[in-house]
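The values are calculated or read from the model by the stated rules, or taken from the named source; none is laboratory data. Source: prediction; values computed, not measured. Positions of Cβ are backbone-derived with ideal geometry, glycine not excepted, and every protein chain shown enters the neighbour counts. Remember, those area values only see protein heavy atoms, side chains included, never the ligands or the DNA or RNA. Shrake-Rupley method; radii C 1.70, N 1.55, O 1.52, S 1.80 Å.
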Amino acid sequence: MIIKVDTDGFYITNFGALAAAQNLNDFDGLARKTVRLIKYEGKNKIGESKEFPGTKGYAIGFEGLILFVKGILPGSEVIKNALRTETAMYPEIALRELIANALIHQDFSIRGSGPMIEIFSDRIEISNPGKLLPSKKIDRLIRTSPESRNEILASAFRRYNICEERGSGFEKAITAIELYGLPPLKIRETENSFTVILYSPKTFAEMTEQERIEAAYQHSIIQYYSNNGMTNATLRQRFKMNDKQASQISRLINLALENGRIKVKDTESDSKKFISYLPYWA
């Protein structure tokens, strides 16, 4: 974080400032790397918005950032034992992993932009400057082999317990998303940015066909890395559906097969009832 330059003082490295600065605006070239947090009133950027500028370094400011984001997110009411209680709409582990990912993997060579968290009434968009590394593909990010353009920052975040073990971040986020019954995580890449989108809860009926197929694909990956295969039963559980809705899930599985997102695990099995599926690349 610091380098001794002479007998009178030290030089603060860029990493030192990014990790521990009380105010990143005090460091030339890093002011635009602060985390921008914007909350919009509706589903787009047309209506009113409020920006909450951050100034602290990523390591010392991370816990406060997560608490603040949780504090301004909408909650959902749950009635239990005749009492109304508030519960989080989005899983904290997914927020932590996806925000940490945006901080760690941003491209610092892109000047004038930094990590951004945009909160809409129906979703959260977390973005960072820079595309995926050439060796990475969008549909293979879950449990991908770890690789970072900012290895010093990534290693430090792991030591500070800010992010999870290497390569497990997206898997933990997707698992939490499934437990909360949210639509699948959406990943978007542009010419100079990378964005992940967390959607608020939707029922199976409210999801689009493409969302259902992507949810099935992501679920097949989670099951694969749990040494299982995706089945009609596990996919029903993922969508919080009952046994009587098995036919709807069967139609979805067929759609996912037709779109090349999954494949049959055992092609020689004659059992239709207990057939299981894997992601297309497994």
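Tabulated values for the structure
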quantity	calculated
Paramagnetic label zone (point 7 Å from Cα along Cα-to-C-beta, Glu258; backbone N under 17 Å) in the stretch 189-221	208-217
Equivalent-ellipsoid semi-axes of the chain, from the Cα gyration tensor, Å, largest first	38, 23, 16
Cα-Cα separations in the stretch 5-132 greater than 17 Å, expressed as whole percent	63
Per residue accessible area of the chain, 1.4 Å probe, in Å²	55
Rel. contact order, % - alpha carbon contacts under 8 angstrom, at least six apart, the stretch 1-80	24
Per-selection Rg to Rh, the stretch 181-282 - Cα, Kirkwood hydrodynamic radius	0.99
Taking the chain and dividing mean pair separation by its residue count, relative contact order in percent (alpha carbons under 8 Å, at least six apart)	13
Accessible surface, 1.4 Å probe, highest first, among residues Thr55, Thr7	Thr7, Thr55
Overall Cα dimensions of the stretch 120-190, principal axis frame, Å, largest first	35, 28, 23
log₁₀ of I(q)/I(0) at q = 0.15 Å⁻¹ - the stretch 145-239, Debye sum with one point per alpha carbon	-0.71
Mean residue ellipticity (222 nm) of the chain, computed from DSSP H runs ≥ 4 via -39,500 (n - 2.57), nearest 500	-10000 deg cm²/dmol
